[in-house]
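Presented below is the structure to which this report refers.
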Amino acid sequence: MENLNIVPFVSVDNMMKLVLHLGPERVMTDLAGYIEADFRRWQSFDKTPRVASHSEVGVIELMPTSDGEMYGFKYVNGHPKNTKEGLQTVTAFGLLAEVNTGYPILLTEMTILTALRTAAMSALAARHLAPKGATVMAMIGNGAQAEFQALAFKAICGVNEVRLYDIDPAATAKCVRNLAGSGLALTACKTAEEAMEGAGIITTCTADKQCATILTDNMVGTGVHINAVGGDCPGKTELHRDILLRSSIFVEYPPQTRIEGEIQQLDPDHPVTELWQVITGAATGRSDPRQITLFDSVGFAIEDFSALRYIHDQLKALPYSEPLDMIADPDDPRDLYGMLLRAKAKAA
Ligand code: NAD
């Protein structure tokens, strides 16, 4: 029997080794497959909007779900001011447990894994919604998530050109440097409008703790797909409301997106389509070449569950974890205090 008292732990170092061993594009393609498989069995999951604790400067969130066999949660923060202090906007870690015993079976860093799963989710949505043959993407906001987004769209949607814009040119220069040699044609742009020239897919991935207007209505032509990633908290959006009114809107889990997504700007009964239904074929995705499709991404617990499940499966063949002495295991399960006394006697 597996030793359930020792929990495999994936450190940042080991996550990097795992991702570099498999290659980021393969990992994101695999993750998109895991997310798609879990979205197809949407009904088998416990679902709840994430539990958010807001402060003046950011948010700390817990994202739990279960499919009845496994339970997973992610701890994640969002602090747009952090980068000015040399810290990241988003950091995360997560845990997977077996429902049968309640014992954890994986503890892992999820800062890198969140960037990978968010990009995989974005590209999966675009594969169902973006105009056919779209190969050019505008990437507005060139921070921590940006390269992952660009590479996922290359691997999963066939994007071959990315037009980059950030209010901070140093962020754009970093992206161009990091993506050199990726096979993507890259253009550093001076404005969001310039970045959007000829782009069939527009990704917004900025961080600002306010209702920002990264895109105004007149900037968005017909027939494009918008992948709106950065608006993911009450009072934190990226798109002008008029764009939403012209778009067909696709979401992960409406009760959470109504609170956190771009659609917090709309009436609570404004129609939206759940992405899992597009994936299963129960709802239509893009139906007209002139339609504007909008994926109002906020990040949902099932995507993290898929990512945890993926890492857990990879560890069956790959050595990128270390054993963590995390669960107390007295010889007699009811003698927890005795275990403490025996440790005291041993130490004396
Ligand atoms: P980051 O702070 O590393 O990067 C954000 C970038 O946006 C910065 O380079 C900043 O200069 C730029 N920016 C800010 N305002 C801008 C503007 N008006 N125009 C152009 N660029 C602008 O943050 P990150 O880790 O890359 O995350 C980006 C956003 O995505 C955050 O808001 C985060 O909360 C969100 N996020 C969403 C999901 C999801 O699942 N939807 C997952 C992870 C992160």
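The values are calculated or read from the model by the stated rules, or taken from the named source; none is laboratory data. The shown structure was predicted, so the numbers you read here are calculated from the model rather than taken from an experiment. Don't worry about glycine lacking a Cβ; one is built from the backbone with ideal geometry, like all the others, and counts go over all protein chains shown. Please note that ligands, DNA and RNA were not included when accessible areas were found on the heavy atoms of the full protein model with its side chains. Shrake-Rupley method; radii C 1.70, N 1.55, O 1.52, S 1.80 Å.
Residues in region 75-111 that are away from the ligand (no atom under 11 Å from the Cβ), hydrophobic (A, V, I, L, M, F, W, C) and open to solvent by less than 40 Å² (accessible area, probe 1.4 Å): how many? Break it down into steps so the answer makes sense when it comes.
Restricting attention to region 75-111, the residues satisfying the condition of being away from the ligand (no atom under 11 Å from the Cβ) are 75, 85-86, 93-109.
Keeping just the survivors that are hydrophobic (A, V, I, L, M, F, W, C) gives 93, 95-97, 99, 105-107.
Narrowing further to those that are open to solvent by less than 40 Å² (accessible area, probe 1.4 Å): 95-97, 105-107.
The number of residues fulfilling the criteria is 6.
For region 261-284, give me the residue count where each residue is out of contact with any strand residue (DSSP E or B) (no Cβ under 7 Å at 6 or more places or on another chain) and of a type outside the set (F, W, Y).
12
Which residues, counting only those in region 160-195, are assigned to a loop (DSSP other than H, G, I, E, B), in contact with a strand residue (DSSP E or B) (Cβ under 8 Å, 6 or more places away or on another chain) and closer than 22 Å to G133 by Cα?
Selection gives N160, L184.
Could you figure out which of (1) in a helix (DSSP H, G or I); (2) within 16 Å of the ligand (Cβ to nearest atom); (3) closer than 18 Å to M28 by Cα; (4) open to solvent by 50 Å² or more (accessible area, probe 1.4 Å) isn't true of A144?
(1)
May I ask you to list pairs of residues, at least six apart or on different chains, whose Cβ atoms are under 7 Å apart, with the first in region 42-65 being in a strand (DSSP E or B) and the second being surrounded by fewer than 19 Cβ atoms within 10 Å (Cβ to Cβ) and among the small types (G, A, S)?
V59/A52; V59/S53; I60/S53; E61/A52
Limited to region 42-74, what total is found for residues that are basic (K, R) and either more than 19 Å from the chain's Cα centre (by Cα) or open to solvent by less than 40 Å² (accessible area, probe 1.4 Å) (or both)?
2
Considering only region 320-348, how many residues are open to solvent by 70 Å² or more (accessible area, probe 1.4 Å) and in contact (Cβ under 8 Å) with a residue 12 or more places away in the chain?
The qualifying residues number 5.
Name the single residue, out of those in region 163-174 being near the ligand (Cβ under 9 Å from one of its atoms) and not hydroxyl-bearing (S, T, Y), that is surrounded by the most Cβ atoms within 10 Å (Cβ to Cβ).
Taking the candidates together, the pick is D166.
When you look at I292, is it within 19 Å of E69 (Cα to Cα), hydrophobic (A, V, I, L, M, F, W, C) and in contact (Cβ under 8 Å) with a residue 40 or more places away in the chain, yes or no?
no
Test each condition in (1) modelled with pLDDT of 95 or more; (2) open to solvent by less than 60 Å² (accessible area, probe 1.4 Å) for N5 and report the one that comes out false.
(1)
Just give me the residues in region 223-277 being touching a Phe, Trp or Tyr at 6+ places or on another chain (Cβ under 6 Å), away from the ligand (no atom under 12 Å from the Cβ) and open to solvent by less than 20 Å² (accessible area, probe 1.4 Å), in sequence order.
Across region 223-277, the qualifying residues are F250, L275.
Given the criterion assigned to a loop (DSSP other than H, G, I, E, B), β-branched (V, I, T) and closer than 23 Å to L129 by Cβ, identify the matching residue among V298, V278.
None of the others qualify; the one that does is V298.
Let's see how each residue does on (1) of a type in the set (D, E, K, R); (2) more than 24 Å from N3 (Cβ to Cβ); (3) modelled with pLDDT of 95 or more:
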residue	(1), (2), (3)
D288	yes, yes, yes
I292	no, yes, yes
D313	yes, no, yes
L318	no, no, yes
D335	yes, no, yes
L341	no, no, yes
